[in-house]
1. For segment 127-209, which chymotrypsin sites (Phe, Trp or Tyr not before Pro) are in a loop by DSSP, counting at most 13 other Cβ atoms within 10 Å?
2. For the chain, what are the per-bin percents of Cα-Cα distances with bins 5 Å wide, up to the bin holding the maximum?
3. With n ≥ 4 as the cut-off for DSSP H runs, can you work out [θ] at 222 nm for the chain, using -39500 (n - 2.57) per run divided by the number of residues, rounded to the nearest 500?
4. Between segment 8-62 and segment 88-117, what's the alpha-carbon centroid distance in Å?
5. Using label points projected 7 Å from each Cα along Cα→Cβ, tell me how many nm separate D66 and E35, to one decimal.
6. List the trypsin sites (Lys or Arg not before Pro) within segment 1-96 that DSSP assigns to loop and that have no more than 11 neighbouring Cβ atoms inside 10 Å.
7. List the GluC sites (Glu not before Pro) within segment 141-191 that fall in a DSSP loop (any state other than H, G, I, E or B) and whose Cβ has at most 12 other Cβ atoms within 10 Å.
8. Just give me a number: lysine pairs in the chain, eight or more positions apart or cross-chain, with C-alpha atoms less than 19 Å apart.
Amino acid sequence: MKFFIDTANLDQIREAHGLGILDGVTTNPSLMAKEGIKGEQAILKHYQDICTIVDGPVSAEVLSIDFDSIVAEGEKPAALASNIVVKVPMIKDGIRAIKWFTDQGIKTNCTLVFSAGQAILAAKAGATYVSPFIGRIDDSNWDGVDLIHQIVQIYRIQGFETEVLAASIRNALHIVRCAEAGADVCTCPLPSILGLLKHPLTDLGLAQFLADAKNMA
Ligand code: G3P
């Protein structure tokens with residue numbers, strides 16, 4: 001399973017990249033706004049900055065919702081760097097745009113996916129990635145990871161090549177459960193990635209080893 005970081009914060013991207021386990025980055029308008037990025041030029045510059053840190057796929061989300069505008073908007077970040085993936089919402093014009101980008105050889109990430117039916121449409125349009133939002137499904141009293149299982153199973157049976165990118169990750173257990181469910185990618189906030197490190201027996205064991213090591217000097 002590939003690890004993407006779900007943030008537009010350059011320091012956090014650098015920190016995750018420094019661990020040596022980062023495969024890519026996803027952003028969304030909320031994450032960009034949180035970093036105070038405003039206006040087309042600043043948005044494009046920010047994607048360029050992210051691409052100087054990371055070689056792997058970087059998802060840049062469009063703000064438009066009609067076909068012509070999605071295409072016009074998505075072509076700009078796609079022209080910046082070969083690792084840019086145009087992130088498009090799961091709407092009718094979004095599906096048309098994903099098919100258009102696919103035909104041009106531009107990679108896409110279909111976002112705001114909450115059902116297996118939506119995931120089938122994204123795959124039929126040729127999306128490179130499909131992003132089911134598992135944390136938001138959990139918030140609505142369903143099990144988001146069940147959807148990952150279902151989509152992975154459908155894609156395997158049908159031979160779809162779209163990668164299942166588990167999004168809206170809220171904690172380390174989500175990452176473990178998505179790995180178990182067969183997700184191709186998990187995009188995670190930095191604290192969820194760092195949460196994978198934690199185990200009290202590791203801390204206790206290390207403290208003991210360091211204490212005993214003093215007797216070896
Ligand atoms: O990038 C989309 C997704 O990961 C959003 O997560 O926590 O806002 O539901 P969240």
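Here, each number is a calculation from the coordinates, and none is a lab measurement. Quick caveat: nothing in here was measured; it's all calculated off a predicted structure. Using ideal geometry, Cβ is built from the backbone for each residue, glycine included, and neighbour counts are taken over all protein chains shown.
1. Here the chymotrypsin sites (Phe, Trp or Tyr not before Pro) that fit, given the DSSP loop and packing criteria, are W142.
2. 1, 7, 15, 18, 19, 15, 11, 5, 3, 3, 2, 1, 1, 0, 0
3. Calculated at 222 nm, the ellipticity per residue is -16000 deg cm²/dmol.
4. Spelled out, the Cα-based centre of one part sits 20 Å from the other.
5. 3.0
6. K38
7. Hits after loop and neighbour filter: E161.
8. 19
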